[in-house]
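Below is one structure, written out as structure tokens; comments come after it.
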Amino acid sequence: MTEASALTRHHGFGLDDKPVPFTIRASQKVHGGLALGAGLVAVGFAASASGTPTGVLRWFAAAAFAVLAVVCARALTVGDMLVADDVGIRLRIGDEWIGTRWQEIEEVTVLKRRHPLDDGRIAVHLLDPGPTLAAMPGTTRKTADANRRLTGSSLAVPFGLTARPSNGEVVQALHMLADARCPVREQL
């Protein structure tokens with residue numbers, strides 16, 4: 001045993017002392033499969049389209065499936081949707097990152113998945129959401145407002161079928177990172 005390794009163990013500077021960041025990423029398998037499938041269906045509709053009234057409807061269907069393929073392909077490039085570490089939580093809304101420190105959070109609620117086709121949700125409730133929401137660009141603010149109407153919180157991220165958490169024990173992972181600076185609760 002060297003002096004450096006003895007010092008590391010003795011003074012507690014090991015790698016296990018620092019909490020591991022928690023992330024939620026878009027599911028590559030789901031979005032890739034949807035993009036491929038929608039692209040193939042779009043090509044099929046376009047190949048069978050013509051100038052007749054029925055053929056025009058096939059062009060519209062081809063265009064709709066092509067848009068779906070592009071949206072799903074874009075989801076493959078987005079990366080992380082939420083990152084929580086020992087400093088705080090950052091969420092991606094559209095192309096914007098919204099971040100806050102643990103001390104500025106009133107509570108974090110986690111709605112767990114109830115069955116395989118159900119999505120869970122992590123909602124971040126701020127002590128004073130005014131400054132954070134006011135600093136958002138207009139399109140991001142509209143998305144956050146719609147999010148608030150749907151979920152009860154402007155800052156919420158789904159996880160489950162289309163997005164995967166880095167740790168299956170979501171509540172425990174966030175609780176460890178919050179370190180008593182804000183409560184992390186499971187929503188029933």
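Could you tell me what a quarter of the Cα convex hull surface of the range 28-73 works out to, in nm² with one decimal place?
The orientation-averaged projected area of the Cα hull of the range 28-73 comes to 2.6 nm².
Per residue, how much accessible area does the chain have with a 1.4 Å probe, in Å²?
On a per-residue basis, the chain sits at 61 Å².
Can you tell me the dipole magnitude for the range 73-186 around its Cα centre, using point charges on the Cβ only (Lys, Arg +1; Asp, Glu -1), in Debye to the nearest 20?
Details: 15 positive and 15 negative charges, 85 e Å.
Using only the charged Cβ atoms, the result is roughly 400 debye.
Over the range 77-188, what is the relative contact order in whole percent, taking alpha-carbon pairs under 8 Å and six or more residues apart?
On the way: 170 pairs, mean separation 34.2, N = 112.
Once divided by the residue count of the range 77-188, the mean separation gives 31 percent.
Could you tell me which residue out of Pro19, Leu127, Leu82 lies farthest along the dipole of the chain toward its positive end? Charges go on the beta carbon: Lys and Arg +1, Asp and Glu -1, centred on the Cα centre.
Leu82
What helices does the chain hold that run 24 Å or longer along their axis, going by alpha-carbon atoms, with a Kyte-Doolittle average of 0.5 or more, using DSSP H for the helix calls?
The answer, listed by residue number, is 28-47, 53-78.
Pull out a ≥ b ≥ c, the square roots of the eigenvalues of the alpha-carbon gyration tensor of the chain, then state rounded if a/c is under 1.5, prolate if not and a/b is larger than b/c, and oblate in the remaining case.
On the way: a/c = 2.82, a/b = 1.86, b/c = 1.51.
Prolate.
Please say if the range 104-145 is rounded, prolate or oblate, where rounded means a/c under 1.5 for a ≥ b ≥ c the square roots of the C-alpha gyration tensor eigenvalues, and otherwise the choice is prolate for a/b larger than b/c and oblate otherwise?
Oblate shape, in that a/c is at least 1.5 and b/c is the bigger or equal ratio.
For the chain, what does the relative contact order come out to in percent, with C-alpha contacts under 8 Å and a separation of six or more? Let's see the in-between values first.
Values: 285 pairs, mean separation 46.7, N = 188.
Rounded, it is 25 percent for the chain.
Which order do the peptides 123-129, 55-61 come out in when sorted by mean C-beta neighbours inside 10 angstrom, highest first?
My ranking of the peptides, most packed first, is 123-129, 55-61.
Would you work out if the range 77-158 is rounded, prolate or oblate? Take a ≥ b ≥ c from the square roots of the eigenvalues of the alpha-carbon gyration tensor; rounded if a/c is under 1.5, else prolate when a/b is larger than b/c, oblate otherwise.
Working: a/c = 1.42, a/b = 1.26, b/c = 1.13.
Judged from the Cα gyration tensor, the range 77-158 comes out rounded (a/c under 1.5).
The values are calculated or read from the model by the stated rules, or taken from the named source; none is laboratory data. Just so we're clear, the structure is a prediction, and the values are computed from it rather than from any experiment. As a convention, Cβ positions derive from the backbone with ideal geometry for all residues, glycine included, and neighbour counts pool all protein chains shown. Accessible surface areas use protein heavy atoms only, side chains included; no ligands, DNA or RNA. Shrake-Rupley method; radii C 1.70, N 1.55, O 1.52, S 1.80 Å.
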